[in-house]
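Q: Encoded as structure tokens, here's the structure I'll be asking about.
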Amino acid sequence: MRKPLDPGSMIGASWTLKDLLGSGATSFVYRAVRRNGSEAALKIMHADLALDPVVAASFVKQGYLANQVRHSSVVGVFDDGVTPDGVPYLAMEVVHGTTLEHLLESGRVFTAEEAVRIAVDLLRALEALHAADLAHRNLNPREVLLTPGGEIKIIDFDSAKGKEPFTLAAASLPPPSLRPSYMPPDFARGVRLAGASADLWAVGAILFRMITGRAVNTGASESEKVLTAMLIPPPPVRDLAPDAPRWLVEIIDRALAPEPGERWADARSMRVALETRQAEHVERLRIKAPPIPPTASHDPHGLELGEAWEGAWESAWDRALRPAPRAPCPPPPRPEALVPPSWVPPTVESARPARRGSPRLYAALALIVAVAALGGLLWYLRTGRPRGGTSGPTLHVFLLELPA
Ligand SMILES: Nc1ncnc2c1ncn2[C@@H]1O[C@H](COP(=O)(O)OP(=O)(O)O)[C@@H](O)[C@H]1O
Ligand SMILES: [Mg+2]
């Protein structure tokens, strides 16, 4: 049974442990303060793992892989050392925040916008990693820290690899921290593939989790999850999150496509797709309230303009109502007395504004009314004025004088 060290423990002459920040399959991570007052996150390897000198050496080597890129979203390692018991540790910047895993486990629901922002930041960091021929290969919500300022930080390069391909099957022992819930099928099957592809799949799986609330590869145990990863294609996002924007669903489905050739080619193309489609979506929301239409009389091409605008109104509403909101639109506030007992809240369909008549129809109606009014006036003038010296016709007189 592994036990964390107590707060106040000294690591060599320099470091005093303050509190436990977290733990993983390889280590405990503490906030520690140096003699000179500076702060660090000390990642101290589990003592039982450190008994193997090869594993202990690879712990330090893996940690320093993060330093191959200098990126604000990648937590670098600034020092290493050995505890008095001979256990290796790494010293890193302390990230004041929480893991994405913790937020998800505590029931935090992410809006599509938030999920996209996190994915975009992850992909930016991956662009830098992959450009340096480095792949994280175990990207999952436990290795993503979120700061209160909205930054994301990728940690834990235990499973990272450089240029050479690496597979679970090829590894001498499966790294225990690999999370099959976020593992692509080809990786689980042991197909030799470049790690960058696994990272992109993992971003798709993280998005999947944020949008649907569940992991892609499920199972009662870790090995069952590996089997799921190998054999069962991810369920379509649309089935689990029917309200998610269609464009986002398509991007996630593509990231998780069973065939590697059908997935995003690289981090940049996936990021650009997310940013572009989201910007289009925001633009569509912006035109939800269309402008006041120009009237036919103000424009020589009024009728055509009017019809074109009417089309715009229709499509703006169509867009505003698609995808259907979670609940039907609430009825407009009305005084109780005015609401007939049979009144039922409008559904989304019935809440749509009635289709407007065309300007041509309005013109025809106006003409009919004008002709009727003129006819009435002529008839009145022809049938004579009221007798009896009244100063003008009243409605009463007018009705009395109707011909028999
Ligand atoms: N630099 C850091 N700042 C703050 N917390 C950290 C930092 N690094 C790790 N942690 C915490 O420690 C946990 C374990 O770290 P990790 O590097 O993933 O260890 P392992 O390799 O054992 O999985 C993380 O999930 C996180 O909660
Ligand atoms: Mg970890």
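Rule-based calculations on the coordinates, nothing more; no lab input. None of the values given here were measured: they were computed from a predicted structure. As a convention, Cβ positions derive from the backbone with ideal geometry for all residues, glycine included, and neighbour counts pool all protein chains shown.
Q: log₁₀ I(q)/I(0) of the range 204-256 at q = 0.13, 0.20, 0.27, 0.28 Å⁻¹, via Debye over equal Cα point scatterers, no solvent, to two decimals?
A: Log-scaled intensity ratios, in q order: -0.30, -0.66, -1.03, -1.08.
Q: Right, another one. Using only alpha carbon pairs under 8 Å that are at least six residues apart, calculate the relative contact order of the range 11-94 and give it in whole percent.
A: Averaging sequence separation for qualifying contacts and normalising by length gives 27 percent for the range 11-94.
Q: For the range 97-286, what is one quarter of the convex hull surface built on the Cα atoms, given in nm²?
A: Computing the convex hull of the Cα atoms and averaging its projections yields 10.5 nm².
Q: Taking the DSSP beta bridges in the range 11-94 as the whole, what percent of them are antiparallel, to the nearest 5?
A: Antiparallel: roughly 100 percent of the beta bridges in the range 11-94.
Q: Determine ³J(HN,Hα), in whole Hz, for all residues of the range 103-120 in sequence, where each value follows from phi through the Karplus function 6.51 cos²θ - 1.76 cosθ + 1.60 and θ = phi - 60°; x replaces Gly and Pro.
A: Per residue, the Karplus-derived 3J(HN,Hα) values read 4, 5, 5, 7, x, 5, 9, 9, 6, 4, 5, 5, 4, 5, 5, 5, 4, 4 Hz.
Q: Say each of K18 and H96 gets a label point 7 Å from the Cα, pointing the same way as Cα to Cβ; how far apart are those two points in nm?
A: Spacing of the two 7 Å Cα→Cβ label points: 0.9 nm.
Q: Of W264, P234, Q278, whose Cα points farthest to the positive end of the dipole of the range 234-287 (charges on the beta-carbon: +1 Lys, Arg; -1 Asp, Glu; origin at the Cα centre)?
A: Projecting each Cα onto the dipole axis, the largest value belongs to Q278.
Q: Calculate, for M1 and D85, the FRET efficiency according to 1/(1 + (r/R0)^6) with r their C-beta to C-beta distance and R0 22 Å; round to the nearest 0.05.
A: 0.85
Q: Between L285 and L240, what length comes free when the chain is fully extended (0.36 nm per residue of separation minus the Cα-Cα distance, one decimal in nm)?
A: Extra length from L285 to L240 when fully extended: 13.8 nm.
Q: Follow-up. For the range 11-94, take the convex hull of the Cα atoms, compute a quarter of its surface area, and give me that in nm², please.
A: With the hull built on Cα positions only, its mean projection is 5.5 nm².
Q: Now, a different point. Once you charge only the Cβ atoms, +1 for Lys and Arg and -1 for Asp and Glu, what is the size of the charge dipole of the range 11-94 about its Cα centre, to the nearest 20 debye?
A: 240 debye
Q: Can you give the charge dipole size of the range 97-286 about its Cα centre, rounded to the nearest 20 debye, using +1 on the beta carbon of Lys and Arg and -1 on the beta carbon of Asp and Glu?
A: Dipole size: approximately 80 debye.
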